[in-house]
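Peer 1: Just dropping this structure here.
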Amino acid sequence: MSNLRIAYVINDASFFISHRLPLALKVIEMGGKVCLITGTNINKDIEEKSILTLKKNKISLHRCKFSQGVNNPISELIGLFQLINYLRKFKPTTVHSVTAKANLMTSIACNFFKHKKLIISISGMGTLFTGKLGVKKLIFQKIFTFLLRRALKRIKFKFIFQNKEDYYNYKSIIHIDENQFKIINGSGVDTFKLKPMAKKSNVLKVLLPARMLFEKGIEEFVNASKILKEKKIEGEFYLAGDTVSLNPSAIDKMKIDCWVKKGLVIYLGHIIDLHKMYSDIDIVCLPSWREGFPKVLMEAASFGIPIITTDVPGCRDAVINNKTGIIVPVRNEIKLADAITKLFKNKSLRKKMGKENRNIARKNFDLSVIVPKVVNLYE
């Protein structure tokens, strides 16, 4: 029987379920206790499904006033005090925070407790450190790094980075000793469940599974579709992911609807059933501007699907160029269109890359490989 008591702190319950649930279930399987402290998803349908999943797995849920962005300082303070209160009641042996705001709030909250171990997961640099840098964003960057540096001075912590570039970036703004971080490539996937499936349709299909944010390369993907249509190259372009209206990088739903009306993309919205999403797809494409270690690319690999992604941190770590997929320059719709065309026209290459992807997924991305590495940090 384990005496582990793990409190997960994260902005959104649905993100916890998609990326951390197997980890939490492993703690429970070991006899430990788990609770989730999170904000509320504005998408009620996703929120309701998340609550049902947590209840089914007997994970207690506590709400804090976490929101995307910094909309109301008073609300943020209320959220911080709620977090401190929940941690005091649950008495965790380890607090594991994920996403930028949760990491900052939890770092501050842990200063109110003695001997509290904090695990901070960095799953990419986030909107605050990617995209266009305006005056407002620069100010928020300075405030964020100042508060995080101060908060970490008096507590015991360890960072989990998903790629080396993110580690070097954080090290440049926060002093991190060699024993205060570990690099773990992503959150893992169940390669036993996510197996290659026989394709039912003869129509060539490429999928971009991501939240509808500009920084995910959505516009470049749509423009690549336009290029292929102008060249009379047959194929369907799919977008699958939730619209995130409160995120400053969010793509307006009306814009997506416009692309759909023009026949450039087919929008699937938020998909929970991975088999349904990947079952008839020939290529998975993620032309992101920056990532941690994308789970969607691990899923694609597990399903034995070739990948097209960008030459940026996180994305290039998940693909072996010209072996499991194709790496293209970031924000380059012409090169992206060329890569999609190349794979559309070469079935044997798609099959070869997909098979190699599956082998690598089983060896490097399976939950049996990833989860124990994190659990070891709890003990």
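Peer 1: Any idea which of S97, S107, S123, S50 is buried (at least 21 other Cβ atoms within 10 Å of the Cβ) and more than 30 Å from D273 (Cα to Cα)?
Peer 2: Going through S97, S107, S123, S50 in turn, just one is buried (at least 21 other Cβ atoms within 10 Å of the Cβ) and more than 30 Å from D273 (Cα to Cα): S107.
Peer 1: Can you pull out every residue in region 176-220 that is acidic (D, E) and within 17 Å of G304 (Cβ to Cβ)?
Peer 2: Across region 176-220, the qualifying residue is only D190.
Peer 1: Something else: Among the residues of region 311-333, are any assigned to a helix (DSSP H, G or I), small (G, A, S) and surrounded by fewer than 16 Cβ atoms within 10 Å (Cβ to Cβ)?
Peer 2: Within region 311-333 (the criterion being assigned to a helix (DSSP H, G or I), small (G, A, S) and surrounded by fewer than 16 Cβ atoms within 10 Å (Cβ to Cβ)), the answer is no, since none of the residues qualifies.
Peer 1: Same structure, new question: If you scan region 189-216, which residues turn out to be small (G, A, S) and either over 28 Å from L367 (Cα atoms) or outside the structural domain of G263 (by the TED database) (or both)?
Peer 2: A198, S201
Peer 1: While we're looking at this one, here's another question. Condition first: in contact with a Phe, Trp or Tyr (Cβ under 9 Å, 6 or more places away or on another chain), among the charged types (D, E, K, R), surrounded by fewer than 20 Cβ atoms within 10 Å (Cβ to Cβ) and modelled with pLDDT of 95 or more. Can you find one or more residues in region 204-213 that meet it?
Peer 2: Looking for residues that are in contact with a Phe, Trp or Tyr (Cβ under 9 Å, 6 or more places away or on another chain), among the charged types (D, E, K, R), surrounded by fewer than 20 Cβ atoms within 10 Å (Cβ to Cβ) and modelled with pLDDT of 95 or more, one finds at least one in region 204-213, hence yes.
Peer 1: Considering only region 60-77, I want to know if a residue exists there that is among the acidic types (D, E) and farther than 25 Å from G269 by Cβ.
Peer 2: Scanning region 60-77, I find at least one residue that is among the acidic types (D, E) and farther than 25 Å from G269 by Cβ, so the answer is yes.
Peer 1: Being on the phi > 0 side of the Ramachandran plot and assigned by the TED database to the domain that holds T243 is the requirement here; does G354 meet it?
Peer 2: no
Peer 1: I've got another one for you. Looking at the structure I just gave you, is I6 β-branched (V, I, T), outside any helix (DSSP H, G or I) and either buried (at least 22 other Cβ atoms within 10 Å of the Cβ) or within 20 Å of the chain's Cα centre (by Cα) (or both)?
Peer 2: yes
Peer 1: Hey, can you tell me all the residues within region 234-256 that are in contact with a strand residue (DSSP E or B) (Cβ under 8 Å, 6 or more places away or on another chain) and of a type in the set (D, E, K, R)?
Peer 2: Residues satisfying the conditions are E236, D242.
Peer 1: Got at least one residue in region 338-358 being surrounded by 18 or more Cβ atoms within 10 Å (Cβ to Cβ), farther than 26 Å from E165 by Cα and basic (K, R)?
Peer 2: Yes, region 338-358 has at least one match.
Peer 1: Another question, then. Among S302, S279, S249, which is of a type in the set (S, T, N, Q) and surrounded by fewer than 16 Cβ atoms within 10 Å (Cβ to Cβ)?
Peer 2: Selected residue: S279, the only one of S302, S279, S249 that is of a type in the set (S, T, N, Q) and surrounded by fewer than 16 Cβ atoms within 10 Å (Cβ to Cβ).
The values are calculated or read from the model by the stated rules, or taken from the named source; none is laboratory data. Owing to the predicted nature of the structure, the values given are computational and were not obtained by experimental measurement. Backbone-built Cβ (ideal geometry, glycine too); neighbour counts: all protein chains shown.
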